[in-house]
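A.B. asks: Let me begin by handing over the structure; questions about it come next.
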Amino acid sequence: MRTPLLAGNWKMYKTTGEARELVEGLLHGLGDVGDRKVLVCPPFTALQTVRDLVQGTPIALGAQDVYIEPQGAFTGAISPVMLRDLGCAYVIVGHSERRAIFGEGDELIGKKVRAALAHDLTPILCVGETKPQRDAGQAETVVIAQVRAALTGMTPEQIGRIVIAYEPVWAIGTGDTATPADAQAMHETIRRILGDMAGSDTAATINILYGGSVKPDNIDDLMAQPDIDGALVGGASLKADSFLRIVHFLSPQE
Ligand code: PEP
C-alpha cells in the first residue's frame, strides 16, 4: 500500500563537482528500484547540476528548505516556485537543524508545509524529541504536538499529500539510532494522530520515514517494522556505496 521512500539529506555538503560525482555513482549502482522511491536533497546551489543528471532516472529531486511566499523582498530565501522551476518534487520542512539553529517554530513550519503543497511540492515534515525530552518521558507528547501544530486546519486531502519524518534529535548525526521497536512505537503513534486528523484510510497511505543515524547495518531491521516506510538519511547519504546499500535494503524474507 505504501511504496518505501529512501531520501538523502545532503545538508551543507557537496560543491557542484562533488554533487556530480555522487550522483554519477548512485546512477551507476542503482539498478532496478521499481518497488521503492529514491530521493536526493542537495543544497540549493547543486540543485540544477543534480537535476540535469537525474532527469529521466528513478532518482527524484528535493530541496532542504523553502520559504512561504512565491516571490518578494525576502533576501536569501528560496520560494516554492523556484524549487518547482528547478525540478524539485519534494522539500524537507522543519528539520531539527532548522528548528534549533535557525529558530524555526511550529507556526512557520506549518506555513511552509502549506506553501509547499500549494505549489505541488511534497513536504517532508520532520518531527522529533530531544534527549532531555525523551529522558523525561515526554517524547510522545512532544512529537504529537509538533505533528498537530504543523497540520491543524488542513484538509484530509492535504494531509494525505505529506510525508512525515520521525527524527529523534539525539539520533541525528550521533551514530545513536533509535531501536527498531522504539521507532516503530513512535511511527504507530504518529499514524494514529494522522488518523485522528485525516481519517484512518488517509493515514494508512502516508509515508512515515525514520531518520537518525540510519546506516547500511541498521536499515534492514528498521525497514522490517510495519509502520516504517522509508528513511531520511544524512551522513550515510553522502557516499554512493552507503546510500545505495540503504536504498537496496533487504526485506525479512530476502
Ligand atoms: C538528517 O539529516 O536528517 C539525519 C537523519 O542525519 P544522520 O543520518 O546523519 O543522522
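Please treat every number below as a calculation from the coordinates, not as lab data. What you see is a predicted model, and the numbers here were worked out from it, not measured in a lab. All Cβ positions, glycine included, derive from the backbone under ideal geometry; neighbour counts span all protein chains shown.
A.B. asks: What does the charge count near THR155 come to, summing +1 for each Lys or Arg and -1 for each Asp or Glu among other residues with Cβ under 12 Å from its Cβ?
C.D. replies: In short, +1.
A.B. asks: Quick one: which residues, 5 or more positions from ALA231 or on another chain, have an amide H under 5 Å from its amide H? H modelled 1.01 Å from N in the peptide plane, none for Pro or chain starts.
C.D. replies: For ALA231, whose amide H was placed from the backbone, the distant partners under 5 Å are LEU5, LEU6, ALA7, TYR210.
A.B. asks: Relative contact order for the chain: what percent, with Cα pairs under 8 Å and sequence separation of 6 or more?
C.D. replies: 20
A.B. asks: Just rank LEU151, LEU6, fewest to most, by other beta-carbon atoms within 10 angstrom.
C.D. replies: Arranged by neighbour count, lowest to highest, LEU151, LEU6 become LEU151, LEU6.
A.B. asks: With springs connecting C-alpha atoms under 10 Å apart, model the chain as a Gaussian network and identify which of PRO80, PRO226, PRO180 has the largest mean-square fluctuation.
C.D. replies: Top of the fluctuation ranking is PRO226.
A.B. asks: Using 7 Å Cα-to-Cβ label points, what is the PHE74/ALA224 separation (nm, one decimal)?
C.D. replies: It works out to 4.4 nm between the two label points.
A.B. asks: I want to verify a result. In a Gaussian network model of the chain, Cα cutoff 10 Å, which of these has the top mean-square fluctuation: SER237, SER79, SER213?
C.D. replies: Result: SER79 has the largest fluctuation of those listed.
A.B. asks: What is segment 7-134's relative contact order, in percent, from Cα pairs under 8 angstrom and six or more apart in sequence?
C.D. replies: 21
A.B. asks: Let me ask something else about it. GNM, the chain, Cα, under 10 Å: largest mean-square fluctuation among THR202, THR16, THR174?
C.D. replies: Largest GNM mean-square fluctuation: THR174.
A.B. asks: Follow-up question, since we're still on this one. Kindly flag which residue pairs out of LYS37/LYS111; LYS215/LYS239; LYS37/LYS131; LYS11/LYS215 have an alpha-carbon separation exceeding 20 Å in this structure.
C.D. replies: Too far apart for the 20 Å limit: LYS37/LYS111; LYS37/LYS131.
A.B. asks: Counting other C-beta atoms within 10 Å, which of LYS112, LYS215, LYS239 has the fewest, and how do the rest follow?
C.D. replies: In increasing order of surrounding Cβ atoms, one gets LYS239, LYS215, LYS112.
A.B. asks: Over segment 67-214, what is the relative contact order in percent, taking alpha-carbon pairs closer than 8 angstrom and at least six residues apart?
C.D. replies: Normalised by residue count, the contact order of segment 67-214 is 22 percent.
A.B. asks: Follow-up question, since we're still on this one. Along Cα→Cβ, 7 Å out, is where each label goes; now give me the distance between the ones at ARG51 and MET1 in nm to one decimal.
C.D. replies: The two pseudo-label positions are separated by 3.6 nm.
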